[in-house]
Amino acid sequence: MGAPAPQLPDKLYFKIGEAASIVGVKPHVLRYWESEFSIVRPNKSRSKHRLYRRKDVETLLQIKQLLHDQRFTIEGARKRLREGSRTGAARREPPGDAESCEVRLRHALQSVRRELQALVKLLR
(Lines give C-alpha, C1' and ligand atoms only; values in the text may rest on other atoms or scores of the structure.)
Protein backbone atom coordinates (compact mmCIF):
# COMPACT_ATOMS: atom_id res chain seq x y z
CA MET A 1 0.00 0.00 0.00
CA GLY A 2 1.03 3.63 -0.44
CA ALA A 3 2.09 6.05 2.22
CA PRO A 4 -0.62 7.71 4.33
CA ALA A 5 -2.11 10.86 2.84
CA PRO A 6 -0.18 13.98 3.88
CA GLN A 7 -1.80 16.41 6.27
CA LEU A 8 -2.97 19.47 4.35
CA PRO A 9 -2.04 22.85 5.84
CA ASP A 10 -5.00 24.87 7.11
CA LYS A 11 -5.28 27.03 3.99
CA LEU A 12 -7.98 27.56 1.41
CA TYR A 13 -5.72 28.06 -1.61
CA PHE A 14 -2.36 26.63 -2.64
CA LYS A 15 0.05 27.84 -5.33
CA ILE A 16 1.21 25.23 -7.82
CA GLY A 17 4.55 24.70 -6.07
CA GLU A 18 2.83 24.13 -2.73
CA ALA A 19 0.30 21.75 -4.26
CA ALA A 20 3.03 19.85 -6.11
CA SER A 21 5.04 19.51 -2.91
CA ILE A 22 2.03 18.19 -0.97
CA VAL A 23 1.12 15.71 -3.72
CA GLY A 24 4.75 14.70 -4.22
CA VAL A 25 5.11 15.44 -7.93
CA LYS A 26 6.65 18.20 -10.06
CA PRO A 27 4.49 21.21 -11.07
CA HIS A 28 4.52 20.13 -14.74
CA VAL A 29 2.81 16.89 -13.69
CA LEU A 30 -0.05 18.86 -12.10
CA ARG A 31 -0.41 20.92 -15.29
CA TYR A 32 -0.56 17.70 -17.32
CA TRP A 33 -3.15 16.19 -14.97
CA GLU A 34 -5.27 19.34 -15.39
CA SER A 35 -5.37 18.63 -19.12
CA GLU A 36 -6.39 15.02 -18.54
CA PHE A 37 -8.82 15.34 -15.60
CA SER A 38 -11.55 17.95 -16.05
CA ILE A 39 -12.38 17.67 -12.34
CA VAL A 40 -9.15 19.57 -11.55
CA ARG A 41 -9.65 23.20 -12.50
CA PRO A 42 -7.61 25.59 -10.35
CA ASN A 43 -8.55 29.24 -10.16
CA LYS A 44 -6.11 31.76 -11.58
CA SER A 45 -4.97 34.92 -9.87
CA ARG A 46 -4.76 38.26 -11.67
CA SER A 47 -1.16 37.43 -12.47
CA LYS A 48 -2.34 34.11 -14.00
CA HIS A 49 -0.85 31.97 -11.22
CA ARG A 50 -2.73 28.76 -10.49
CA LEU A 51 -4.53 28.66 -7.15
CA TYR A 52 -5.64 25.19 -6.12
CA ARG A 53 -8.47 24.81 -3.61
CA ARG A 54 -8.22 22.22 -0.83
CA LYS A 55 -10.66 20.05 -2.79
CA ASP A 56 -8.37 20.23 -5.84
CA VAL A 57 -5.37 19.11 -3.78
CA GLU A 58 -7.38 16.25 -2.26
CA THR A 59 -8.42 15.20 -5.79
CA LEU A 60 -4.80 15.41 -6.96
CA LEU A 61 -3.79 13.13 -4.09
CA GLN A 62 -6.47 10.66 -5.25
CA ILE A 63 -5.20 10.86 -8.82
CA LYS A 64 -1.64 10.21 -7.70
CA GLN A 65 -2.77 7.20 -5.67
CA LEU A 66 -4.71 5.80 -8.62
CA LEU A 67 -1.92 6.35 -11.15
CA HIS A 68 1.19 5.68 -9.08
CA ASP A 69 0.13 3.29 -6.33
CA GLN A 70 -2.73 1.37 -7.94
CA ARG A 71 -1.21 1.56 -11.46
CA PHE A 72 -4.39 2.74 -13.21
CA THR A 73 -4.19 4.20 -16.70
CA ILE A 74 -5.30 7.80 -17.15
CA GLU A 75 -8.63 6.59 -18.58
CA GLY A 76 -9.05 4.06 -15.77
CA ALA A 77 -8.37 6.74 -13.16
CA ARG A 78 -10.89 9.08 -14.84
CA LYS A 79 -13.50 6.34 -14.73
CA ARG A 80 -12.75 5.51 -11.08
CA LEU A 81 -13.05 9.17 -10.07
CA ARG A 82 -16.41 9.43 -11.87
CA GLU A 83 -17.66 6.26 -10.15
CA GLY A 84 -16.45 7.54 -6.79
CA SER A 85 -18.30 10.82 -7.13
CA ARG A 86 -21.53 9.00 -8.01
CA THR A 87 -21.31 6.57 -5.10
CA GLY A 88 -20.35 9.42 -2.76
CA ALA A 89 -23.55 11.24 -3.67
CA ALA A 90 -25.59 8.08 -3.15
CA ARG A 91 -24.11 7.56 0.32
CA ARG A 92 -25.05 10.98 1.65
CA GLU A 93 -26.98 10.70 4.85
CA PRO A 94 -30.41 12.27 5.13
CA PRO A 95 -30.54 15.46 7.16
CA GLY A 96 -30.96 14.98 10.88
CA ASP A 97 -32.90 17.07 13.34
CA ALA A 98 -33.14 20.86 13.12
CA GLU A 99 -30.29 21.39 15.60
CA SER A 100 -27.76 19.29 13.64
CA CYS A 101 -28.92 20.96 10.43
CA GLU A 102 -28.27 24.36 12.00
CA VAL A 103 -24.78 23.26 13.06
CA ARG A 104 -23.98 22.06 9.53
CA LEU A 105 -25.24 25.33 8.06
CA ARG A 106 -23.17 27.34 10.54
CA HIS A 107 -20.05 25.38 9.54
CA ALA A 108 -20.82 25.86 5.86
CA LEU A 109 -21.26 29.61 6.35
CA GLN A 110 -17.97 29.82 8.26
CA SER A 111 -16.25 28.01 5.40
CA VAL A 112 -17.75 30.38 2.83
CA ARG A 113 -16.71 33.37 4.96
CA ARG A 114 -13.10 32.07 5.12
CA GLU A 115 -13.04 31.55 1.34
CA LEU A 116 -14.38 35.06 0.73
CA GLN A 117 -11.80 36.55 3.09
CA ALA A 118 -9.03 34.67 1.28
CA LEU A 119 -10.31 35.93 -2.09
CA VAL A 120 -10.45 39.52 -0.83
CA LYS A 121 -6.88 39.14 0.44
CA LEU A 122 -5.76 37.85 -2.98
CA LEU A 123 -7.45 40.72 -4.79
CA ARG A 124 -5.69 43.37 -2.70
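The values are calculated or read from the model by the stated rules, or taken from the named source; none is laboratory data. Source: prediction; values computed, not measured. Cβ: placed from backbone, ideal geometry, glycine included. Neighbour counts: every protein chain shown. These area figures cover heavy atoms from the full protein model, side chains too; ligands, DNA and RNA do not enter into them. Shrake-Rupley method; radii C 1.70, N 1.55, O 1.52, S 1.80 Å.
Figure legend. Inter-residue proximity from the stretch 51-63: first residues open to solvent by less than 10 Å² (accessible area, probe 1.4 Å), second residues in a strand (DSSP E or B), beta-carbon distance below 6 Å, spacing 6+ or different chains. Indicated pairs: Tyr52/Phe14; Val57/Phe14.
Restricting attention to the stretch 31-50 and to residues that are open to solvent by less than 30 Å² (accessible area, probe 1.4 Å) and in a helix (DSSP H, G or I), the residue that is farthest from Val120 (Cα to Cα) turns out to be Trp33.
Of the listed requirements (1) more than 19 Å from Leu12 (Cβ to Cβ); (2) under 19 Å from the mean Cα position of the chain (by Cα); (3) surrounded by fewer than 12 Cβ atoms within 10 Å (Cβ to Cβ); (4) at pLDDT 90 or above, Thr87 misses just one: (4).
Among residues of the stretch 13-30 being touching a Lys or Arg at 6+ places or on another chain (Cβ under 7 Å) and surrounded by 19 or more Cβ atoms within 10 Å (Cβ to Cβ), the one that is farthest from Asn43 (Cα to Cα) is Val23.
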